[in-house]
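The values are calculated or read from the model by the stated rules, or taken from the named source; none is laboratory data. Note that this is a predicted model, so its numbers are computed, not measured. Cβ placement follows ideal geometry from the backbone for every residue including glycine, while neighbour counts extend to all protein chains displayed.
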Amino acid sequence: MVAIQQGPDGPAEDAVARAMAEVPRADFLPDSVRCHSAADEPLAIGCGQTNSQPTTVARMLRLLDVRPGQRALDVGSGSGWTAALLGLLVGEGGVVHGVELEPDLAASAAQAVAARCPGTVQVHAADPGVLGLPEHAPYDRILVSADAPRIPEDLVEQLLAPDGEQAGGVMVVPVRGEMHRIRRDPDGLEITRHGQYRFVPLR
């Protein structure tokens, strides 16, 4: 069963605001665009990729509703900023795995998050043809910063499965330009939609 409905933003507004205040975007940008870090717009970070605008990142994180101690996957880590934000949200008891398709970006992101989130966040270079990091699954939360042509079933399978009446993991992902919040429930997937956004394609 797939339930599709319009839904409100998730909670955790204060936690997200604190995380974004504590993890400066500028620390994860190339020198050439660092002076524009306060601008609420996507910024080029090389290899045809962008660092998403802060209001979009905040909206996605609030929809994701990350809790301390959870395991999270950051798909399309880019500069490493979102992985570092997730690291702060899951806290010392949690784990974040980031994955980035561009090897140069993955290497620089890994270095950036290691300086800020030692032991909590790891950024990996993606294996061609493999979506996500199934070897580290399951995840309580998955954040996808790239536009999928359809709901990515490979990532749904990496979400924590429901346990009895307890709901499973949550993924936030843009699908054909529309933000989706997907939760694994005992009866199937609960899907809510949250407006139009533009992202680079998910590959």
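Quick look at the values:
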{"read-out": "Residue count, segment 124-162 (criterion: in contact (Cβ under 8 Å) with a residue 60 or more places away in the chain and of a type in the set (V, I, T))", "value": "2"}
{"read-out": "Segment 108-123 residues that are within 18 Å of N51 (Cα to Cα) and in contact (Cβ under 8 Å) with a residue 24 or more places away in the chain, paired with ones that are surrounded by fewer than 16 Cβ atoms within 10 Å (Cβ to Cβ) and among the β-branched types (V, I, T) (beta carbon under 8 Å, 6 or more apart)", "value": "none"}
{"read-out": "Residue that is part of a strand (DSSP E or B) and more than 15 Å from the chain's Cα centre (by Cα), where the choices are I191, I142", "value": "I191"}
{"read-out": "Within segment 91-101, tally of residues that are under 16 Å from F199 (Cα atoms) and in a loop (DSSP other than H, G, I, E, B)", "value": "1"}
{"read-out": "T55 vs. criteria part of a helix (DSSP H, G or I), polar (S, T, N, Q), crowded, with 22+ Cβ neighbours inside 10 Å and touching a residue at least 12 places away in the same chain (Cβ under 8 Å)", "value": "no"}
{"read-out": "Single residue of P174, P138, P152 found to be closer than 16 Å to D74 by Cβ and in contact with a Phe, Trp or Tyr (Cβ under 6 Å, 6 or more places away or on another chain)", "value": "P174"}
{"read-out": "Single residue of segment 124-178 satisfying the filter (of a type in the set (S, T, N, Q) and over 23 Å from P54 (Cα atoms)) that is surrounded by the most Cβ atoms within 10 Å (Cβ to Cβ)", "value": "Q158"}
{"read-out": "Tally of residues being closer than 14 Å to L64 by Cα and either touching a helix residue (DSSP H, G or I) at 6+ places or on another chain (Cβ under 7 Å) or crowded, with 19+ Cβ neighbours inside 10 Å (or both) across segment 193-203", "value": "1"}
{"read-out": "Candidates A167, A110, filtered to the one that is farther than 21 Å from L43 by Cβ and small (G, A, S)", "value": "A167"}
{"read-out": "Test: residue in segment 103-116 that is out of contact with any His (no Cβ under 7 Å at 6 or more places or on another chain) and not in a helix (DSSP H, G or I)", "value": "no"}
{"read-out": "Residues of segment 59-78 satisfying the condition of being charged (D, E, K, R) and assigned to a helix (DSSP H, G or I)", "value": "R59, R62"}
{"read-out": "Qualifying residue in segment 79-90 (condition: part of a strand (DSSP E or B) and at pLDDT 90 or above)", "value": "no"}
{"read-out": "Boolean, T82 is under 14 Å from M20 (Cβ atoms), under 16 Å from the mean Cα position of the chain (by Cα) and of a type in the set (V, I, T)", "value": "yes"}
{"read-out": "Condition met for V16 (of a type in the set (V, I, T) and in a loop (DSSP other than H, G, I, E, B))", "value": "no"}
{"read-out": "Filter pass, D154 being among the charged types (D, E, K, R) and under 13 Å from the mean Cα position of the chain (by Cα)", "value": "no"}
{"read-out": "Members of segment 58-113 found to be surrounded by fewer than 24 Cβ atoms within 10 Å (Cβ to Cβ) and β-branched (V, I, T), listed by number", "value": "V90, V95, V99"}
